[in-house]
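S.K.: The structure is given below, and queries will be raised subsequently.
Read-outs: derived from the displayed coordinates by stated rules, not from any lab. Note that the structure is a prediction, hence the values are computed from the model and not measured. Because the Cβ atoms are built from the backbone with ideal geometry, glycine has one as well, and the counts that use them run over all protein chains shown.
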Amino acid sequence: MEERKAFGWAARDTSGFLSPFSFNLRKMGSEDVVLKVLYCGVDHTDLHQMRNEIHSTNYPLVPGHEVVGEVVELGSEVKKFRVGDIVGVGCIVGSCGECLYCQSNMEQYCPKTIFTMNDTYKDGSLTRGGFSSAMVVHQRFVVRIPEKLAPEQAAPLLCAGVTAYSPLKQFMGSDRVVRGGILGLGGVGHLGVIIAKAMGHHVTVISSSNKKREEALEILGADAFIVGSNEAEMEGAASSLDYILDTVPALHPLHSYLSLLKVDGKLIIVAAVPQPLQFDAVDIILGKRSISGSFIGSMEETQEILEFWADKDLTTMIEMVKLDYANKAFERMEKNDVRFRFVLDVAGSNLE
């Protein structure tokens with residue numbers, strides 16, 4: 001079979017600087033789908049990988065794991081999709097398919113998970129992400145974008161959205177008002193607020209400064225806003241929350257945030273912080289509090305968040321840019337200068 005060439009942008013060293021790059025797509029299998037990439041979200045994890053800050057990066061690295069594309073070719077055994085379908089690919093593109101987790105719709109925890117970027121397929125080829133013109137993906141790791149959901153709107157849901165949705169699902173359907181906190185108001189945090197509000201929760205945003213107060217309350221519809229360094233606000237909210245979804249991807253102290261939780265409250269960490277986080281044992285012992293983690297979501301949950309978004313007519317707040325703006329986008333993202341998620345118009349970019 002003739003090799004297909006793809007064009008994209010790649011990081012070549014720990015500077016993380018992206019520049020044009022061409023490569024061959026892996027050979028197509030009977031259960032594979034070939035996508036023309038339309039849009040791709042820009043995520044903090046991309047930056048960590050580009051700079052070799054988490055895991056060990058194989059350069060050149062083509063980032064991007066919130067990929068929306070159009071199906072252009074199908075393997076002989078693909079029954080789920082048709083040519084022309086608009087589909088999504090998130091953080092993973094493979095797993096063993098046989099372990100307890102794969103058999104229980106929790107394939108993201110499979111010990112043989114294959115990540116969308118900076119990983120190796122079973123045939124030995126490197127995975128390349130969505131900052132590229134095309135991808136070949138096994139049908140199990142492709143989801144359908146609902147017709148009433150604009151493709152570019154779907155991109156951030158494929159990682160950031162499902163990362164918030166998966167742990168918040170446990171609080172759905174309560175017979176009382178659930179009081180939740182969202183720590184950090186970036187790409188994952190803003191989607192966490194929207195999702196929690198759509199689930200009927202009373203939502204408090206916890207931020208490092210007052211800069212996002214109006215956005216949190218007026219634009220996103222949060223019920224309350226707390227500045228983490230404001231002692232009076234923190235004391236006023238002590239022991240008031242059933243959970244805190246911690247979306248901050250940088251080093252931060254946990255002590256003061258744990259004090260906001262009720263007895264039996266949960267601090268759920270979803271951001272890949274490149275340094276160790278610390279807490280005092282007494283902070284969790286005295287309140288019977290727990291600290292847990294949650295990693296993206298399953299393929300089933302990824303499809304669920306897309307349907308949830310479409311059914312509730314929710315809006316993803318994005319800024320669309322071309323691929324040649326990607327380096328600037330990462331600069332601005334580090335400064336929190338985006339409301340709230342960059343999405344690359346890959347198909348509309350000059351890639352060659």
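S.K.: With contacts defined as alpha carbon pairs under 8 Å and 6 or more residues apart, what's the relative contact order of the chain in percent?
M.R.: That works out to 19 percent.
S.K.: Could you rank the peptides 314-321, 171-178, 29-36 by their average count of other C-beta atoms within 10 Å per residue, with the highest value first?
M.R.: 29-36, 314-321, 171-178
S.K.: Cα convex hull of region 249-352: how many Å³ per residue?
M.R.: So the per-residue hull volume is 172 Å³.
S.K.: If the chain between Ile219 and Arg144 were fully stretched, how many nm would it gain, using 0.36 nm times the residue separation less the Cα-Cα distance?
M.R.: Extending this stretch completely gives an extra 24.1 nm.
S.K.: Given 0.36 nm per residue, what is the gain on full extension from Ala232 to Leu126 after removing their alpha carbon distance, in nm?
M.R.: Length difference between fully extended and current span is 33.0 nm.
S.K.: Using the beta-carbon distance between Lys5 and Lys79 and R0 = 22 Å, what value does 1/(1 + (r/R0)^6) give for FRET efficiency, to the nearest 0.05?
M.R.: That gives a FRET efficiency of 0.20.
S.K.: Along Cα→Cβ, 7 Å out, is where each label goes; now give me the distance between the ones at His55 and Phe295 in nm to one decimal.
M.R.: Using points 7 Å along Cα→Cβ, the separation is 1.0 nm.
S.K.: What percent of all Cα-Cα pairs in region 17-108 falls into each 10 Å bin, going from 0 up to the bin containing the maximum distance?
M.R.: 14, 36, 39, 12, 0
S.K.: Oh, and also: How many nm separate the modelled label positions at Glu352 and Asp280, each set 7 Å beyond the Cα in the direction of the Cβ?
M.R.: Here the answer is 6.3 nm between the modelled labels.
S.K.: Would you please state the base-10 log of I(q)/I(0) at q = 0.09 1/Å for the chain, with intensities from the Debye formula using one equal scatterer on every alpha carbon?
M.R.: Those come out to -0.48, one per q.
S.K.: Compare the Cα positions of Thr120, Thr315, Ile194 along the charge dipole of the chain (+1 at Cβ of Lys, Arg; -1 at Cβ of Asp, Glu; about the Cα centre) and return the one farthest towards the positive end.
M.R.: Thr120
S.K.: Follow-up. List the aspartates and glutamates whose Cα sits under 17 Å from the Cα of Lys266, skipping any in the same chain fewer than 8 residues away.
M.R.: In chain and number order, the partners are Asp242, Asp246, Asp280, Asp283.
S.K.: First measure r as the distance between the Cβ atoms of Ser208 and Asp13, then evaluate 1/(1 + (r/R0)^6) with R0 = 22 Å and state the FRET efficiency to the nearest 0.05.
M.R.: About 0.10, to the nearest 0.05.
S.K.: When DSSP beta bridges are limited to those with both residues in the chain, what percentage is antiparallel, rounded to the nearest 5?
M.R.: Just about 55 percent of them are antiparallel.
S.K.: Here's something else I'd like to know. Measuring from label point to label point, each 7 Å out along Cα→Cβ, what is the Asp313 to Lys288 span in nm?
M.R.: 4.2 nm
S.K.: Work from the charge dipole of region 162-293 (Cβ charges, +1 for Lys and Arg, -1 for Asp and Glu, about the Cα centre) and give the residue of Val203, Ile284, Ile268 farthest towards its positive end.
M.R.: Ile268
S.K.: So if R0 is 41 Å, what FRET efficiency would Lys36 and Cys96 give, r being the distance between their Cβ atoms, rounded to the nearest 0.05?
M.R.: Efficiency, rounded to the nearest 0.05: 0.90.
S.K.: I would also like to ask the following. Report P(r) for region 162-293: all Cα-Cα distances, bin width 5 Å, range 0 to the bin holding the largest distance, values in whole percent.
M.R.: Values per bin, smallest distances first: 2, 11, 23, 25, 23, 12, 4, 0.
S.K.: Also, quick follow-up: Taking the Cα centre of region 162-293 as origin and charging only Cβ (+1 Lys, Arg; -1 Asp, Glu), how large is the dipole, in debye to the nearest 20?
M.R.: Its charge dipole is roughly 320 debye.
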